[in-house]
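Inspection log for the structure reproduced underneath, given as C-alpha cells.
FYI, it's all coordinate maths here, none of it is from the lab. Quick caveat, the model's predicted, so the values are computed rather than measured. Every residue, glycine as well, gets a Cβ built from its backbone with ideal geometry; the counts of neighbours run over all protein chains shown.
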Amino acid sequence: SSSSSGRGAVPRVAVVVFVIKYNTVLLGKRLSSIGHSTFALPGGHLEFGESFEECAAREVKEETGLDIEKMEFLTVTNNVIPAAAAAADSSSNSKTVLVPPAAHYVTIFVRAVLKEETQMPQNMEPTKCDGWDWYEWEHLPQPLFRPLEVMVQSGFNPFPA
Ligand SMILES: CC(C)CCOP(=O)(O)OP(=O)(O)O
Ligand SMILES: [Mg+2]
Ligand SMILES: [Mg+2]
Ligand SMILES: [Mg+2]
C-alpha cells in the first residue's frame, strides 16, 4: 500500500462487476475505510497477472459466493477519491491546506450473469460488507459509492440494450 505522505503512491486498478439478474443488479453496503456505508458493486483489486474476467469472477466469488459467467467489458473510469474535505487553517489567515487524495483507482466496470440463476448471494466478508441485495436500475439504494454515483449521474446503463 502507498505511504500516507503520498510519496510512492501510485494509482491502483480495481475491477467491479454489474452482476445482472433479470432487470436487477447486485449491490452491497461497504464497511470499509474507502466508501464506508455507501452502496457499491462487488469487486476489488486486480491482482498481478490476472485478466479482467479472472479478477471479476474471483472477487465476486470471494465476496458473494456467486459463480458468474459471460463477463463483458463496459467502461473504465479514473477515480481520485478525496480524503476528508481540505482542512482549512484555523489561524486568522485561514488558507486551505492541501490534503493528498485518500485513494486513486482506475476502475474497470464489467457486467456478467449468474452461472445458475437460482444462486443466492451470501455475505462472505461481513466485516467489509453489510450484505448483498438485488436492485432495479430505476430504484437504486442511496448513497451510492462515489465512482458508481458519478456513472449513474452520467446516464450510464449497464443492462443489455
Ligand atoms: C475502493 C475500490 C474502488 C477499489 C478497491 O475495492 P475493494 O476495497 O472492494 O478491494 P478488495 O475487494 O480487493 O478488498
Ligand atoms: Mg474483494
Ligand atoms: Mg481483493
Ligand atoms: Mg471488494
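Note on residue 61: lysines with a C-alpha under 23 Å away, same-chain residues under 8 apart excluded, are 21, 29, 70, 115, 128. Using a simple spin-label model with pseudo-atoms 7 Å out from Cα toward Cβ, residue 150 and residue 124 lie 2.8 nm apart. Using 0.36 nm per residue and subtracting the Cα-Cα separation, the extra length available between residue 67 and residue 31 on full extension is 10.7 nm.
Projecting the alpha carbon convex hull of the stretch 19-158 along each direction and taking the average yields 10.0 nm².
Between the beta carbons of residue 9 and residue 159, assuming R0 = 41 Å, the FRET efficiency works out to 0.70 to the nearest 0.05. Counting charges near residue 134 (Lys, Arg +1; Asp, Glu -1) among other residues having Cβ under 12 Å from its Cβ returns a value of -2.
Put simply, the Cα atoms of the stretch 4-68 extend 45, 31, 18 Å along their principal axes, the longest span coming first.
As a check on your grasp of the helix formula, calculate [θ] at 222 nm for the chain: sum -39500 (n - 2.57) over DSSP H runs of n ≥ 4, divide by the residue count, round to the nearest 500. That calculation yields -4000 deg cm²/dmol at 222 nm.
Give, as a single signed number, the net charge of other residues whose beta carbon lies under 15 Å from the beta carbon of residue 159, with Lys and Arg counted +1 and Asp and Glu -1. Surrounding charge for residue 159 is 0.
A straight chain from residue 136 to residue 58 at 0.36 nm per residue would run longer than the Cα-Cα distance by 25.6 nm. Taking the C-alpha atoms only, the angle from helix 52-64 to the longest principal axis of the chain is near 90 degrees. Applying the criteria of a DSSP loop state and at most 14 other Cβ atoms within 10 Å to the chymotrypsin sites (Phe, Trp or Tyr not before Pro) of the stretch 17-78 yields 22, 48.
Each of 127, 107, 24 was scored by other Cβ atoms within 10 Å of its Cβ. Arranged with the fewest first, they read 127, 24, 107.
Which residues in the stretch 143-161 place their backbone N less than 14 Å from a point set 7 Å from the Cα of residue 113 along the Cα-to-Cβ direction? What the label zone holds, given the 14 Å backbone N cut-off, is 159-161. Loop sites here are trypsin sites (Lys or Arg not before Pro) outside DSSP states H, G, I, E and B with no more than 15 other Cβ atoms within 10 Å. The longest part of the chain free of them is 8-94.
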